[in-house]
Amino acid sequence: MSEISKKDQNLNVKKIDNETINIQINDNEMLMSIVGQFDQNLKDLSKLTNTSIFFRGNSITCKGNKENISIFCEAIRFLINKYFFTKIIEKEDIVLAVKKNTEINKSNIKSFKQLIKTPRKSVIARSEKQSEYIKALKENDIIISLGPAGTGKSFLAVSVAITLLMEKKIERVILSRPAVEAGEKLGFLPGDMKEKVDPYLRPLYDALYELFGPEKIDKKIETGEIEIAPLAFMRGRTLKNSFAILDEAQNATETQIKMFLTRIGENSKLVVNGDPSQVDLINNSQSGLIKSKNLLKDINEIKVIEFDHNDVVRHPLVSKIIRAYQKKH
């Protein structure tokens, strides 16, 4: 039986009248995940789609105007797809499911082609641009991504990198950031090198732990399979069988980004991520991210991905905050 038929047999949609539809979900575990604890997912869907929802047994009845019940129905189809491929429904999936006019809600299996399976969760593209980004991370040797906070640049890159490591397609993952706050002069800070560097790389640890768990990640850091280091420590190296990510690259100079990119060796991938609107350098003009993007964008082997506020997948307020600041300028 095909994936489509196995999935569709779990869903039965019946139109009662122009303002009412009834949806029956025949897989109880899928149903409970979609409904949520204390029916919270349905309550959120009701608010987001401006509909009235009634739930009993395996039956969900939705009342509202024709457009809104159609949005609700498509949201349920998306959530069924999400559960079918990942076996989990998360809070952010509810908001994503009702997003209008996005390619991710206009297809069934297409949205999940770039699925990344990790030990703790399965990661899917949450926008068309994210899907393009994941594809680039898998197929290109050098990727430069620019965009605001919350668009998944670092999280998705870490997801793909560690997955390739677990599959033994590479031997090492290297995560790097410019330690701007310390001026990359870390000697005066207390502790050993790991203790000096860790505060500046904490967001990368957070992504690693969320996807793979602290025990597994700490063990791979101990064995050197995962290396976390400030950008200054990349000089003079050649990276073979590696996946290296330079995060917060808006705080690196053009020379530093050039240094990082020229570390690439056999069977390696390099990713440069940054948000041009959040430069912490004393002189903003020293940031090399946009300069490097413009210099390298016409090289076929280098993929440039540019995100915007529409790709934000954090709390919905993040997108609104970004747009407010953009209007100011």
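The values are calculated or read from the model by the stated rules, or taken from the named source; none is laboratory data. Bear in mind the structure is a predicted one, so any value in this text is a computation, not a measurement. Don't worry about glycine lacking a Cβ; one is built from the backbone with ideal geometry, like all the others, and counts go over all protein chains shown.
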| I290 vs. criteria crowded, with 23+ Cβ neighbours inside 10 Å, at negative phi and not hydroxyl-bearing (S, T, Y) | no
| request: For F212, indicate whether it is assigned by TED's automatic domain parsing to the domain that holds I290, among the aromatic types (F, W, Y) and at pLDDT 90 or above. | output: no
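Looking only at segment 255-278, filter to residues that are of a type in the set (D, E, K, R) and in contact with a strand residue (DSSP E or B) (Cβ under 8 Å, 6 or more places away or on another chain); which one of those is nearest to L165 (Cα to Cα)?
Per the criteria, the residue is K269.
Each row is one residue, and each column tells you yes or no for (1) more than 21 Å from E167 (Cβ to Cβ); (2) at pLDDT 90 or above; (3) within 24 Å of the chain's Cα centre (by Cα).
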position	(1), (2), (3)
F188	yes, no, no
G191	yes, no, no
E195	yes, no, no
L201	yes, no, yes
D206	yes, no, yes
I217	no, no, yes
G224	no, yes, no
I228	no, no, yes
A232	yes, no, no
| Just one of the numbered conditions (1) within 16 Å of I124 (Cβ to Cβ); (2) part of a helix (DSSP H, G or I); (3) aliphatic (A, V, I, L, M) is not true of L42; which one? | (1)
| remark: Of the residues in segment 119-135, those that are within 18 Å of V271 (Cβ to Cβ) and in a strand (DSSP E or B) come to V123
| What do you reckon, is N68 of a type outside the set (A, V, I, L, M), touching a Ser or Thr at 6+ places or on another chain (Cβ under 9 Å), buried (at least 21 other Cβ atoms within 10 Å of the Cβ) and not in a strand (DSSP E or B)? | no
| said: Would you confirm, using the coordinates I've provided, whether I23 is closer than 22 Å to K99 by Cβ and either in a strand (DSSP E or B) or out of contact with any helix residue (DSSP H, G or I) (no Cβ under 8 Å at 6 or more places or on another chain) (or both)? | reply: yes
| query | Which residue, of I228, I282, I245, is outside any helix (DSSP H, G or I) and in contact with an Asp or Glu (Cβ under 8 Å, 6 or more places away or on another chain)? | reply | I228
| message | Could you list, ordered by first residue, the pairs with Cβ atoms under 6 Å in which the first is in segment 301-329 and among the polar types (S, T, N, Q) and the second is in a helix (DSSP H, G or I) and modelled with pLDDT of 65 or more, at least 6 apart or interchain? | response | S319/H309
